[in-house]
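See structure below.
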Amino acid sequence: MQIKHIFISSLYKASMSTEEHKSIDQDEGSVNEYSDNDSKTVNVGAGVRIEGRIDGAEVSDISGTLSGTINSSNINLNSSGIFNGDMSGSDITISGNVEGDINSDQYLIVNQSANIKGTIEYSSLQVSYGAKIQGTIRHRGSVHSYSTNLDPIEKEDKTENDLNDQKEDV
Amino acid sequence: MSIFGSSEKKVEEKTTFNFDIDKENINQSNLAKDIKINGSIEAKDYIDFAGYLTGTIKSSTIYLKSNSYVKGTITGDTITIEGEVDGDIHAKDLHIKSTAKIKGNIRYNNIDIQNGSIINADLFYSS
């Protein structure tokens, strides 16, 4: 059976299928706010450690420690969260510690409490004052936008030279 | 008519006089748009730069406006970038605005980056 919904917190300390999850919802409905079975949510509670790979999740909320690879359209690493490995998604918000690569399709928000070591690839990046970033930042698809704007001084010198050449020719 | 005209003149004299004093108190250098510099700029307090520079800039506060282009090294305590930079940036407080395009190395103590900026750089944090 396909696991659609993983809910892991310091209370449960395990990953479970949707059916198992349902029964816990009924017993302790107030504890779990991710009660919708169709929402592909991963929630790693504070104090929980996970090693491995998370794929196909829609919303990932990490307050614990995660080592490995995560592919999720929405990733939220809270201030107590620690991540080691490769992270890729569309909308990513970082408030905790990251060591590794971050790859964002759309919006990457780095909050004040964040501490990042590694490579960041982004489309839209916002960093709050106080965040610590050590490593390489790359803008997606900026190879083209850069080449068109290369060194205006050299460009204009060239055009002047061209004009002079033309004059000499005449 | 003559009375009205003389009172107007007095006001003008006062305002221009005050403006001159303010200018002297601030050590501000303005380098306007379309200025091209090959070399280095060094100032004490504040540089407002909107031109093209190949070389180095050094000042405590540097403001690179949206049409500026700098190829080289920028050193300062507080640096705000709206323009294009190709080179090394050394700053205590670095503010990167949405129109900025940065390529090179960035060494900083504090940084904030606005949405929309294009950065291809290596970042080095020091406390």
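Please treat every number below as a calculation from the coordinates, not as lab data. Quantities reported herein were computed from a predicted structural model and do not represent experimental measurements. Neighbour counts are summed over all protein chains in view; Cβ atoms, including those assigned to glycine, are modelled from backbone coordinates with ideal geometry.
A simple spin-label model places the labels of A:Ser39 and B:Asn109 4.3 nm from each other, with each point 7 Å out along Cα-to-Cβ.
Computed from the C-beta positions of A:Ser90 and B:Asn27 and an R0 of 45 Å, the FRET efficiency is 0.45 to the nearest 0.05.
With a Förster radius of 35 Å applied to the C-beta separation of B:Asp34 and A:Ser113, the computed FRET efficiency comes to 0.25.
Add +1 for every Lys or Arg and -1 for every Asp or Glu among the other residues with Cβ under 9 Å from the Cβ of B:Ile119, and state the total. Overall, the nearby charge balance is +3.
Taking amide H positions as placed in the peptide plane 1.01 Å from N, state which residues far from A:Ser113 in sequence (5 or more) or on other chains have amide H under 5 Å from it. The answer is none. For the residue pairs A:Lys117/B:Lys97; B:Lys44/B:Lys97; A:Lys40/B:Lys103; B:Lys33/B:Lys101, the C-alpha atoms sit more than 29 angstrom apart in A:Lys40/B:Lys103. Shown in residue order for the stretch B:73-81 are the 3J(HN,Hα) couplings computed by the Karplus curve 6.51 cos²θ - 1.76 cosθ + 1.60 at θ = phi - 60°: 10, 10, 10, x, 7, 10, 10, 10, 10 Hz (x for Gly and Pro).
Rg/Rh for the stretch A:49-121 stands at 0.90; both radii use Cα atoms, and Rh follows the Kirkwood definition. Annotation: amide H-H contacts under 5 Å for B:Thr54 (H modelled 1.01 Å from N, sequence separation of 5 or more, or interchain): B:Ile37, B:Asn38, B:Gly39, B:Lys71.
Phi-derived couplings, Karplus 6.51 cos²θ - 1.76 cosθ + 1.60 at θ = phi - 60°, listed residue by residue for the stretch A:104-116: 10, 6, 10, 9, 10, 10, 10, 7, 3, 7, 6, 9, 10 Hz, with x used for Gly and Pro.
Among residues other than A:Ile94 with Cβ under 13 Å from its Cβ, the summed charge is -2 (Lys and Arg +1, Asp and Glu -1).
Local charge for B:Ala32 was computed over the other residues whose Cβ lies under 14 Å away, with Lys and Arg +1 and Asp and Glu -1, and equals +1.
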